[in-house]
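Working notes, beginning with the structure itself.
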Amino acid sequence: MINFRLILTILGILLVFVGGAMLIPAAVDLIAGNTDWQVFLISAAILLFIGGGLYLSNRGGGLLLDRRQAFILTTAAWIVMPAAAALPLMFGNLDISFTDAFFETMSGLTTTGATILSGLDNTPPGILLWRSLLQWFGGIGIIVMAISILPLLRVGGMQLFRMESSDASSEKMLPRVGDIVKAIGYIYLTLSMICVLALWAAGMSLFEAVNHAMTTISTGGFSTSDKSAGLFDNPLVESIMVVFMIMGAMPFLMYLHFVKGKPGSFLMDSQIRWFLSLILFSIFIMVCWQIFRNETPFWDALRQATFSVTSVITGTGFATVDYSTWGGFAMAGFFFLMFIGGCAGSASCSIKVFRVQIVVETLRCRLMQIIRPNGIFIPRYNGRPLPDETITSVASFIFLFLTIFGLITIGLSLTGLDFVTALSSAGTAITNVGPGLGEIVGPSGNFQSLSDPAKWMMSLAMLLGRLELFTVLVLFSRRFWLR
């Protein structure tokens, strides 16, 4: 029997948390003299009342989640929180529909960065800060989920990173998962504060620095301007953002090794080596393309390619230039990078580097087996043999990921979108990147002009991509609900 009381208790706590967080932008709007502070305050009161009621009426329903409860709670939380967070956007001065507000908050909490808003330069500061806070909370939320929940649920090969299954006690950085999550929370906060100070020192205002630091370390991509990071036209600002986008897309467990005095762990992790190598190789290719095809000066090509490649592969979605105008090869390259993503256990998104590694290693072993039938070739990851279950999980995940991407593309096409817009919108939603390709949804556009059905499909794609597909889809299985 599923214990829904425990699920409702936790959802109540989350609603109280979201309501409490609304007091921050309310205070900012009050200080700025913007009337939206009242909307934030009323929305906070509603959520505190509902959340507190859920908690008080359902507490005492047990303390431990089983696997079925974990699946239900994870999906329910990532639906309820965007719906709750949408209240001040819907009732504030923006005057937008619930569909648009939900799209914006789902994009925020899943750290996608796709937006329906324009005129951000004149948008009330409370709204801008609320969008950034949602991405910052979403970033740490997905890190915690990737470390503590997905490995237990054995989703898409994430069992590789199940900490408590390690045979070597030396690999357990801290004694309990709870302690690890707490330590990673401190690291996340510390990196965010360092990013704020660096961006502030580089020329941003304090408000801009706070917002962009939160959306950079979370690999979210929301900005305070329609021009995104291009507003600042500052190489130092762009360099700082590149560094912190990469840091946000690397496994946060590795930072614990660094804190413990083991910096070599970074270079020993094959996933990190692959990730950094992919970034460097992609930057090199894009620089060459810009120079020889578009005749861009070397330093401009290097600056633009470094920022754009890092932003896309980490799933952040910031833009300094409209890279969709670089030509067909560049568009195809960026579209491909969307689907790779960052590392497991990071704030990043998409298929993830470790799954690409596993597929490549498995294919290599199969090819060697064909060439040398009598040989024994075992796929390995980080020097360890890969269980068949993990290989199957990864292959299933990638197949399902591409299938759902295709279905979302077809669905968006049926709403009247042209092929490039539908394809890139589906891709950017399920990979949680943000901007798409083309004139409508590219880096210089937004998603406001899409129909409501298209926005709901994209919201579903964001949710599926962020929660690693199976976490949501398993709820539609009849066997899941049987005793």
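I need a count of the residues in region 324-368 that are of a type outside the set (V, I, T) and under 21 Å from the mean Cα position of the chain (by Cα).
Step one: filter region 324-368 for residues of a type outside the set (V, I, T), giving 324, 326-339, 341-350, 352, 354-355, 357, 361, 363-368.
Those left that are additionally under 21 Å from the mean Cα position of the chain (by Cα): 333-339, 341-350, 352, 354-355, 357.
Total meeting the criteria: 21.
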> Which of the helices (runs of 4 or more DSSP H) contained wholly in region 52-147 include at least 2 residues that are at negative phi, crowded, with 20+ Cβ neighbours inside 10 Å and small (G, A, S)?
Replying inline: 67-85, 98-109
> Which one of these does G261 not meet: (1) under 24 Å from the mean Cα position of the chain (by Cα); (2) surrounded by fewer than 18 Cβ atoms within 10 Å (Cβ to Cβ); (3) not hydrophobic (A, V, I, L, M, F, W, C)?
Replying inline: (1)
> For region 244-298, how many residues meet the condition of being within 22 Å of V181 (Cα to Cα), part of a loop (DSSP other than H, G, I, E, B) and either touching a residue at least 40 places away in the same chain (Cβ under 8 Å) or touching a helix residue (DSSP H, G or I) at 6+ places or on another chain (Cβ under 6 Å) (or both)?
Replying inline: 5
> Out of A454, A426, A461, which single residue is crowded, with 19+ Cβ neighbours inside 10 Å and over 30 Å from I147 (Cα atoms)?
Replying inline: A454
> Do we find a residue being in a helix (DSSP H, G or I), in contact with a Ser or Thr (Cβ under 6 Å, 6 or more places away or on another chain) and in contact (Cβ under 8 Å) with a residue 24 or more places away in the chain anywhere in region 30-40?
Replying inline: no
>> Condition first: surrounded by fewer than 21 Cβ atoms within 10 Å (Cβ to Cβ), touching a residue at least 60 places away in the same chain (Cβ under 8 Å) and in contact with a Gly (Cβ under 9 Å, 6 or more places away or on another chain). Now tell me which residues in region 220-243 satisfy that.
In response: D226
> Out of the residues in region 187-219 that are over 12 Å from M241 (Cα atoms) and of a type in the set (S, T, Y), which is surrounded by the most Cβ atoms within 10 Å (Cβ to Cβ)?
Replying inline: Y188
> When you scan region 384-452 for helices (runs of 4 or more DSSP H) that lie fully inside it, which ones turn up with 1 or more residues that are out of contact with any Phe, Trp or Tyr (no Cβ under 9 Å at 6 or more places or on another chain) and under 25 Å from C365 (Cβ atoms)?
Replying inline: 388-414
>> So in region 285-310, with the set limited to residues that are at pLDDT 95 or above and of a type in the set (S, T, Y), which one is surrounded by the fewest Cβ atoms within 10 Å (Cβ to Cβ)?
In response: T306
> Given the structure, is Q159 modelled with pLDDT under 95 and part of a helix (DSSP H, G or I)?
Replying inline: yes
> Restricting attention to region 166-212, which residues are touching an Asp or Glu at 6+ places or on another chain (Cβ under 8 Å) and modelled with pLDDT of 80 or more?
Replying inline: L199
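I'd like the full set of residues that are in contact with a helix residue (DSSP H, G or I) (Cβ under 7 Å, 6 or more places away or on another chain), part of a helix (DSSP H, G or I) and among the polar types (S, T, N, Q), limited to region 183-229. Reasoning before the result, please.
Initial filter on region 183-229 (in contact with a helix residue (DSSP H, G or I) (Cβ under 7 Å, 6 or more places away or on another chain)): 183-185, 187-188, 191-192, 195-196, 198-200, 202-204, 206-207, 209-226, 229.
Now restrict to residues that are part of a helix (DSSP H, G or I): 183-185, 187-188, 191-192, 195-196, 198-200, 206-207, 209-217, 229.
Once the filter is applied, which keeps residues that are in contact with a helix residue (DSSP H, G or I) (Cβ under 7 Å, 6 or more places away or on another chain), part of a helix (DSSP H, G or I) and among the polar types (S, T, N, Q), region 183-229 yields S192, N211, T215, T216.
The values are calculated or read from the model by the stated rules, or taken from the named source; none is laboratory data. Just so we're clear, the structure is a prediction, and the values are computed from it rather than from any experiment. Glycine gets a Cβ as well: all are built from the backbone with ideal geometry, and neighbour counts include every protein chain shown.
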